[in-house]
Amino acid sequence: MTITAPPPSTPSSTALQPNGWLRYFSFSVDHKVIGLQYLVCGFAFYLIGGAMAGAIRTELLSPISDFMPRDVYNQILTLHGTVMIFLWIVPVVNGAFGNYLIPFYVGARDMAYPRLNAVAFWLIPPSGLMLISSYFITGAAQSGWTAYPPLSITTPATGQIIWILSVLLLGGSSIFGGINFIATILKLRRPGLKLMQLPMYCWAMLGTSILVVLSTPVLAGTLIMLSFDIVAHTGFFNPGLGGNVVVYQHLFWFYSHPAVYIMVLPAFGLVSEILPVHCRKPLFGYTTMVYSIMAIVVLGLVVWAHHMFTSGTPPWMRLFFTIATAFIAVPTGIKFFNWLATLWGGRISLNSAVLFSCGFIVNFVLGGITGVALAQVPFDVHVHDTYFVVAHFHYIVYGGSVFVIFASIYHWYPKVTGRMLNEHLGRFHFLITFIGFNLCFAPQHWLGLNGMPRRVAEYDPQFALVNQISSVGALLMAISTLPFLWNVVASAFYGAPAGDNPWKALTPEWLTSSPPPVENWTGEPPLVTHPYSYGVPADEIDLNSASGSDLWSSGQ
Amino acid sequence: MPIPSAILTLVLGMLLVLGGLWIGQNVNLLPVDASVNAPIYDELFRVLFSIGTILFVGIVGLIVFSLVRFRRRPGQLGDGIALEGNLPLEVFWTAVPAIVVLFVGLYSYDIYERMGGMVPLGHGDHGAVSATANANASSADVRIWGGIGSTQDSQTATGAAIAPLPIEVTAMQFAFLFHYPDGDFISGEMHVPADRPVSLKMEAKDVIHAFWIPEFRLKQDVIPGQPTVLDFTPTRPGTYSIVCAELCGPYHGGMRSSVVVDSADDFETWLQANSKTTPSEA
């Protein structure tokens, strides 16, 4: 254990940046500003996507299509999926927390390519607004977020083309971000900091960024081909012109299955940062945690065809993708057992960050179990494209990623603002989010098993009661954002001062002032080689300073 | 004298496994089974449900126990134990899930084979001639892909000598049409006789649809430009829903039809009543 004592913190120098809140509306190259821009922008899109979810659940209160026109319903469900994935979860778990934390974790003063970083963020608001504006122009895309041809070729073209352009820009943003994270983690590490000494979130972001860089270009190529089919009447995927619709599915899922890991691997990393701090225990099994991330990356790239078990794939392919998919449960299981072992024997503070983290584990375990079930071809043949899949998917991305986003906000808010969030409001927020979420999505497993397909505005009347229960859960989830919003806004002004390190954490971002100065540290960055050395007697901690380096004189 | 923790763990583990098995066997979340392969599917479901219940209850139990047992009490300072790893433990919880997953994978492969899923497809014995061949493929080698492959008599002893009933399914926005080559007529509702294999040859006119009968535990996408097959043997007389499961446009939710499983005699009556003496142009 080697921690160099950080220099005394001083008020942040804002000489190089616009002052105060205005800097969040500037083309800042400060990774902390960009991280918060990602977070706040993403949360705004979360509220918009949530409103769409509310509209969907309102339509489903009754078995008939009576709340909105049917084509509008399909537009709303397409936008809901696209907004939540491409504008909320991916940008926030990667862009927001990655930007804010990675430079601290590697001991850098900024990302490797600060201007590319700003470009990556500033692609998001315009493409998001463009996507949503398509609803008001000629109607948004209505072929689902998967945009399967021929439906996406035959529905009104304007909305679909805007959808493609928007997703292409967001994919570009992801790729820029991914390249930046890889370069920052591998090349900007403070001298003396080995890869196997990095905080776990760095490893998660390294794995995620590899997935982003390998798979997102495939999606881009696919969507460009799809747009040619729409506007230039080529026949890549159009069966009327000799195209093959199943090829699109292969190409689409080659990105979009890894996209699930792009959404959950960073969440795994964030939880691995939060739990040791509040359990006052080292992260259990650091090395296997690293290997399991890399195993998930490799396996994640070879499972895409499990989305196509009913599409007409050869039998050998079904067998291969069943086994490959089911085996992801092994590295994922390792992570979950390691978190349990991190909890075991700790001194756990039952605060909002821990509650959301444990809520995440509970939800994700259920989502993972249904995921292994869905990997089995015979099981999948019955429930594919039903509400069972909707439930499974939301247990993974909402019960997984979104719960972790909230846990992370409760954990890092004091660092970002210098003030504490209200714990009572936080626990209340957790309680109604957890109840609402499970009330909304748990019954959907039953709906799918018993015959309700997904993406329908009207359904068999026998499912009305269960749908109404699910909608009540959705309403609770909507209500649950109110105490959270009040908490983050009010606490920024009236919250108790946090001090530099209210959790007494050992990861590097806590060893500077709260909020951090523009260049992260006023002196040398500390060299933290064991970020989770909780429980080690104080006299064993070596506070001798490691020698500095001239590299850290500026952010460039 | 306190009970040793190893014994307590063993007892709790056994209770957990027995409870999970009981729940898997006794809690029914599925609709009635009405085809030969539905009970086979339900067998897999019960196994998955048992394993899932044991895992879920076990992990949630551990979390709740940890949060209560190891919570920080008021006035309690200092850290927990500095325990960073335990190699045998990690090998254990890597190996056990790997074995379980491998077992489940092989077991479901077996189930799938019993359902007819691993039978090589594209065999030419599907009653109807492949008249609507792909533009760029000769009718001789039209590639026919499907889900559950063939009734090839392996599923049921009673089906050994019975020729499958051919039905040609056409899916379009927003209806299924059923053409019966035996009587050369088209029906908007599917009628099938109980206990006789049925062979569907499915084509889509416009976009991708999916043909799903929840009570049969069967689903197969109906793909434009690429005929698919789906074979099954209904067992339980009754009327069940046919549901389109792939988003196919504004009225996707309304794209529902019915399958009526008749007794053999009733089906023959229905077939005769609808049959045309002259070929239909429809």
Tensor-based shape of segment A:104-168 (alpha-carbon gyration tensor, a/c under 1.5 rounded, otherwise prolate or oblate): prolate
Antiparallel DSSP beta bridges within the protein assembly as shown, as percent of all bridges there, nearest 5: 65
Solvent exposure ordering (accessible area, 1.4 Å, most first) of B:Trp93, A:Trp339, A:Trp304: A:Trp304, B:Trp93, A:Trp339
Cα convex hull volume per residue for the protein assembly as shown (Å³): 163
Whichever aspartates and glutamates have a C-alpha closer than 16 Å to that of B:Lys205, once near sequence neighbours (fewer than 8 apart) are set aside: B:Glu168, B:Asp221, B:Glu246
Convex hull per residue volume in Å³, alpha carbons only, for segment A:135-237: 113
A:Tyr113 versus A:Tyr24: modelled label distance in nm, points set 7 Å from Cα along the beta carbon direction: 2.7
Hull-based mean projected area of segment A:186-303, where the convex hull spans the alpha carbons, in square nanometres: 9.4
Whether segment B:213-282 is rounded, prolate or oblate, judged on the alpha carbon gyration tensor where a/c under 1.5 counts as rounded: oblate
FRET efficiency for A:Thr138 and B:Ile81, using Cβ-Cβ distance with R0 set to 45 Å, rounded to 0.05: 0.10
Segment A:356-395 shape via C-alpha gyration tensor axes, a/c threshold 1.5: oblate
Whichever lysines have a C-alpha closer than 24 Å to that of A:Lys335, once near sequence neighbours (fewer than 8 apart) are set aside: A:Lys194, A:Lys281
Length-normalised contact order for segment A:27-172 - Cα pairs under 8 Å, 6+ apart - percent: 31
Estimated distance in nm for a label pair at A:Gln197 and A:Ile435, the labels positioned 7 Å out from Cα along Cα-to-Cβ: 4.8
Exposure of B:Thr170 as accessible area (Å², to 10), given a probe of 1.4 Å and all protein chains: 30
Chain A - mean residue ellipticity at 222 nm from DSSP helices (-39,500 (n - 2.57) per run, n ≥ 4, rounded to 500): -20500 deg cm²/dmol
Rounded Å value of the spacing that divides the Cα centres of segment A:91-105 and segment A:44-85: 30
Solvent-accessible area of B:Met202 with every protein chain in place, 1.4 Å probe, in Å² to the nearest 10: 0
Electrostatic dipole magnitude of the protein assembly as shown [Cβ: Lys, Arg +1; Asp, Glu -1; Cα centre; debye, to 20]: 2760
Alpha carbon centroid spacing (whole Å) that separates segment A:396-469 from segment B:245-270: 35
Förster radius 56 Å - calculated FRET efficiency between B:Ala273 and B:Val68, Cβ distance, rounded to 0.05: 0.25
Value of relative contact order over segment A:200-329, rounded to a whole percent, pairs C-alpha under 8 Å and six or more apart: 31
Computed over segment A:393-473: relative contact order in percent, which uses C-alpha pairs under 8 Å that are six or more apart: 30
Candidate residues B:Arg73, A:Arg280, A:Arg419: accessible-area rank, largest first, probe 1.4 Å: B:Arg73, A:Arg419, A:Arg280
Cross-link partners of B:Lys201 among lysines (Cα-Cα below 30 Å; sequence separation of 8 or more within a chain): B:Lys219, B:Lys276
Pairwise centroid distance, computed over Cα atoms, of segment B:174-195 with segment A:245-306, Å: 47
Largest to smallest accessible area among B:Ile186, A:Ile124 [probe 1.4 Å]: B:Ile186, A:Ile124
For B:Glu113, solvent-accessible area (1.4 Å; no DNA, RNA or ligand), Å²: 90
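The values are calculated or read from the model by the stated rules, or taken from the named source; none is laboratory data. Please read all numbers here as calculations on a predicted model, not as lab measurements. As a convention, Cβ positions derive from the backbone with ideal geometry for all residues, glycine included, and neighbour counts pool all protein chains shown. In case anyone asks, the SASA skips ligands and DNA or RNA and just uses the protein heavy atoms, side chains included. Shrake-Rupley method; radii C 1.70, N 1.55, O 1.52, S 1.80 Å.
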